[in-house]
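Every read-out reported here was derived from the displayed coordinates using simple, explicitly stated rules and does not represent laboratory data. Note that the structure is predicted; figures quoted are calculated from it, not measured. With ideal geometry, Cβ positions are generated from the backbone for all residues, glycine too; neighbour counts draw on all protein chains shown.
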């Protein structure tokens, strides 16, 4: 009898494990295809052979510039920003046990974005200063909304409401900064208010790439505890997970990642919001969906950027496409949550 | 100004009760209003002297450079006052209808709905006059308001603040992506409506004001007429019905008034946020909850807030100017935070 139930559970676990591997590898393959498309497609489509030769450092008239200076940085920015947004968004959603509580809605990305704009247009600084400032601004925004929403009793609803207000304020700051800097042009505004991969440059990328390589493993490993945290504070403590420390580490790592991603691409709308739920749907309940969520983020950003570049007569920045895809899902989610009385 | 006179007469007829500071508040508001008008004529990226203001206002014959600047600023000032009044009253009505302290045309996404319709009209129907914008904006505002309220009030607990705000934020995000997507490929639409993303009163013309005025008057009349019944509605649907108020029709009429006001304002100025929230709460704080006083006074405070924001925008953005929508968002959002902090968890 006992044996039977054990085999039953083991079988279920194996099955979910298989599903996880299947989903993850599918997402990885899809990302590779999209990456390839990012390198291949453009105003001129070069032969694959030339692209590979250009990537390996050979100088080929035209190809080298298009691939190495324009398409490759764009692709890398998309990959790492997408991964950071997807992973960090999922962390927030799981930790706060509410899909609406993601860095986008809470205004954290807007905080980083405002800091990046301030550094670029007012201080005219570059590189590390921008990265530092946006991380600090991201953390400051988190602390600010947390302190403001603590009040007499903490509630997610209050947190989200305050996040929306903080976001409105920071957006006003961004508009103001863009205006006084006389850079009130549409591309700049679109980049810093909704996110774009246009004009990504190789030398801007290292902080983001390094931070993803450092923090993503931490987050994925600690994420195991996250599924225990999801059971609630008391159960987590009794199962031996130090809730405060884990939470602190997770928040710090995720904020560092999204802040750096935001300082390179702008706050790409809704990626951090969509990735977690999509990954959860694909992987199923009971397994960590953090890594898949990151991959979903990559796929979303790359696919949206390709759609934005080539599906229409004009080129749309990636944030507009993800905004149009993401907002109806947000509305659907609201309707579902309202029906169930979860809000 | 007209409206407050009407309401004062009504108040005397209907009720012996007048809030304690009402007269003082009224006087101070009017003084502030006059100061605002004066400041709005004088201040800007180029300051003008008192003589020039007098020349510009009263001596049409004098054609100095500064007098012409003042004349340009007159229409802008009038429009910012009208627009602020409309947004203030609209916010007060929305708060009463949804029985929700954080309702405001911008927070509920209604302004963005109006913008989307206008941008569509310009892009696809080649519409280009204020007369036509206004109807599109009204349609957009009405549809969005119904949609947001529909989503926000689903489920057992009804329309709680958090549900309404989230529905508004979601729909606003969706619609503003669409607005940008429609604008990007059409440079003429973009040039025409760049200020739309944030809202501006700088391009006001007398024609626009003339188109706007009837909507303002009708909207404010509706607000003043429904105010006593809305007072009952605040106590709850059951109590209101018991007091002889037909809640369904009242809600519809008051919501119509709110949409009329914010739709028309958005049609001409673009989405300007938080004015309704600010003006109503300031007045409620001073005068108490009686809507018969709060509604007309939010018209005045809305006008003051918007024209002050416009003036600050001109000074902060000099030599260009900062759109008034940016300024109102910056000063209005903290109020939203304070309100969110004060709400009880059960009320969220």
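Return the ratio Rg/(2.2 N^0.38 Å) for the protein assembly as shown, where Rg is computed over Cα atoms only.
Cα Rg divided by the expected 2.2 N^0.38 Å: 1.03.
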(Q) Within 10 Å of each Cβ in A:311-318, how many Cβ atoms from other chains are there, averaged over the peptide? (A) 2
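Is there a simple number for the mean count of other chain Cβ atoms within 10 Å of the Cβ of residues in A:168-180, and what is it?
Per-residue shielding by partner chains comes out at 6.
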Q) Modelled label-to-label distance, residue B:20 and residue B:129, 7 Å Cα→beta-carbon offset: nm? A) 5.4
Q | Peptide-level mean, for A:325-336, of C-beta atoms on other protein chains within 10 Å | A | 5
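Of all the C-alpha pairs in the range B:2-347, what % are more than 30 Å from each other? It would help to have the intermediate numbers written out before the result.
Values: 20591 of 59685 pairs.
Of the Cα pairs, 34 percent sit more than 30 Å apart.
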Q: Counting only C-alpha contacts under 8 Å and six or more residues apart, can you give the relative contact order of chain A as a whole percent?
A: 29
Q) Of B:17, B:65, B:133, which has the largest mean-square fluctuation in a 10 Å C-alpha GNM of chain B? A) B:17
Q.
Connecting C-alpha atoms closer than 10 Å in a GNM of chain A, tell me which of A:240, A:326, A:297 has the biggest fluctuation.
A. A:240
Q) Among B:169, B:96, B:299, which one shows the biggest mean-square fluctuation in a GNM of chain B, springs joining Cα atoms closer than 10 Å? A) B:169
Q | Separation of alpha-carbon centers, the range A:192-210 and the range B:48-122, rounded to whole Å | A | 39
(Q) Using just the Cα positions, wrap the range A:193-253 in a convex hull and report its mean projected area in square nanometres, one decimal place. (A) 5.8
Q. Hey, with R₀ at 35 Å, roughly what FRET efficiency would residue B:225 and residue B:341 work out to, going by the Cβ-Cβ distance, to 0.05?
A. 0.50
Q: Project the alpha carbons of the range B:34-192 onto their principal axes and report the range along each, largest first, in whole Å.
A: 65, 38, 25
Q.
Assuming 0.36 nm per residue, please report the length gained on full extension of the stretch residue B:316 to residue B:217 beyond their Cα-Cα distance.
A. 32.4 nm
Q. In whole percent, what relative contact order does chain B give with Cα contacts below 8 Å and a gap of six or more residues?
A. 30
Q.
I need the fraction of alpha carbon pairs in chain A separated by more than 27 Å, rounded to a whole percent.
A. 47
